[in-house]
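The structure appears below as structure tokens.
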Amino acid sequence: MIIAGIETSCDESAVAILEIIGDKVAVLSNVISSQIAIHAEFGGVVPAIAAREHIKNLPIVWNEAIIQADNPKIDAIAVTAGPGLISSLLVGTTFAQTKSYLLNIPLIGVNHIEGHILSPILSASNISSINFPAICLTVSGGHTQITKINNTGDYELIGETLDDAAGECFDKIARLLELGYPGGPAISKEALEFNSDTNPVKITLPRPMQHSHDYNFSFSGLKTAVLYLVRDIKDKFKFEDIQSAVAYESQEAITDVLTQKTIKCAIENGISTVMLAGGVSANSRLREKFKQSAQKNNLNLFIPELKFTTDNASMIALAGYMKYINLADKQNFNWQNIQVDANDRIC
Ligand code: KG4
Ligand code: ZN
């Protein structure tokens, strides 16, 4: 089956074409047009500008994805239906509806977070190489949640942030440190500049809710702690030293809590498969800590390749495919022989 994915929930216009044969997923194309440079001067995404950019870029991205995939015959389209910026979502869903009508193929609405949750499958050798149940930490700009995946399409929310998402925390701390947008990659880069032998700034930040008896998170206090800390030490040290020391310690604090609570959740629930997904899973310290902790506790860990961590359309196409075959299974027909028409809407 060849399925196209369309993603426009925030500031990336993305289209991907996947070919899925049995257990094997081949990414034929994965095209992303990022608006980061446009929004950077405002310090965050401006919804009205994002929508206009999608209108301009999405048809170009679609054509490029089709060309890179060698003009395949597409069987279905999956599109992000939510959550996200409504003005951005409307561009993608309207475009997808038009294409599905013109090509007379089914349209599948996908939850953006489900796309992230399933993204580690894109980097596994086969769909079935991940054994469920699994515990998945999804960390993005808008979400931080631990999900128990009983199977594809069958999810239980086990824990989530009570306030800010981890990505939001990175973004806000980066802004306080004047490091630019998006904050995650900027903090990561700045943290590499930190040298504990030569930097005079010695600080320890809190690890919020690290020992709470649940699987929830809280990151707004950390942002406030950084705000007061920077205010108090600003006149005592060079700003470059403060930037690298605070970037390093914030990254350590955030990644410590995310790693420890997720691994603890897997162990306490007797689950041996752990997954990590979402934009913040691009963070190399987080990936490193997850790998070390999973190995130490004999857990199987699945993390997407970097290109599938931040928003992309391959994860949307994959989630759409899973939704489609799960529905086909329930209705007891062979999805490979389904006669479809444009009235087939799974949204
Ligand atoms: O999943 P995503 O692309 O979009 C949402 O669905 O929100 O995640 C974006 C978030 C941003 O907050 C960004 O700062 C963060 O992911 N991020 C990172 C890194 N790369 C992106 N955070 C930490 N380290 C990174 N290397
Ligand atoms: Zn996302």
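The values are calculated or read from the model by the stated rules, or taken from the named source; none is laboratory data. Computed from a prediction, not measured in an experiment: that's the story for all the values here. Positions of Cβ are backbone-derived with ideal geometry, glycine not excepted, and every protein chain shown enters the neighbour counts.
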Report those helices (runs of 4 or more DSSP H) wholly inside the range 197-304 carrying at least 3 residues which are closer than 17 Å to residue 167 by Cβ, aliphatic (A, V, I, L, M) and at pLDDT below 95. none
Of those in the range 137-151 that are within 14 Å of ligand 2 (Cβ to nearest atom) and under 9 Å from residue 275 (Cβ atoms), the residue surrounded by the most Cβ atoms within 10 Å (Cβ to Cβ) is 137
Would you confirm whether or not the range 274-290 contains a residue that is away from ligand 1 (no atom under 16 Å from the Cβ) and over 17 Å from the mean Cα position of the chain (by Cα)? no
Considering only residues of the range 184-203 that are among the β-branched types (Val, Ile, Thr) and either in contact with a helix residue (DSSP H, G or I) (Cβ under 7 Å, 6 or more places away or on another chain) or within 16 Å of ligand 2 (Cβ to nearest atom) (or both), which is farthest from residue 243 (Cα to Cα)? 203
Would you mind telling me which numbered condition in (1) among the charged types (D, E, K, R); (2) touching a residue at least 60 places away in the same chain (Cβ under 8 Å); (3) more than 16 Å from ligand 2 (Cβ to nearest atom); (4) closer than 23 Å to residue 18 by Cα residue 154 fails? (2)
Considering the range 224-238, residues that are in contact (Cβ under 8 Å) with a residue 40 or more places away in the chain and surrounded by fewer than 20 Cβ atoms within 10 Å (Cβ to Cβ), and then whichever is nearest to the chain's Cα centre (by Cα), we arrive at 227
Identify, please: which residue in the range 253-268 is touching a helix residue (DSSP H, G or I) at 6+ places or on another chain (Cβ under 9 Å) and free of Cβ contacts under 8 Å to residues at least 60 places away in the same chain and is, among those, nearest to residue 209 (Cα to Cα)? 257
Evaluate the range 122-129: report whether one residue or more is within 16 Å of ligand 2 (Cβ to nearest atom), more than 20 Å from residue 257 (Cβ to Cβ) and not acidic (Asp, Glu). yes
Lone qualifier among 77, 67 - being exposed (fewer than 15 other Cβ atoms within 10 Å of the Cβ) and aliphatic (A, V, I, L, M): 67
Residue selected from the range 87-108 under the condition under 16 Å from residue 17 (Cα atoms) and in contact with a Cys (Cβ under 9 Å, 6 or more places away or on another chain), by the criterion farthest from ligand 2 (Cβ to nearest atom): 107
Of the numbered conditions (1) surrounded by 20 or more Cβ atoms within 10 Å (Cβ to Cβ); (2) assigned to a strand (DSSP E or B), residue 115 fails exactly one; give the number of that condition. (2)
Here, strands (runs of 3 or more DSSP E) confined to the range 1-59 with at least 1 residues that are farther than 16 Å from residue 96 by Cβ and acidic (Asp, Glu) are 12-21
Tell me which residues, restricted to the range 154-169, are within 14 Å of the chain's Cα centre (by Cα) and in a helix (DSSP H, G or I). 166, 167, 168
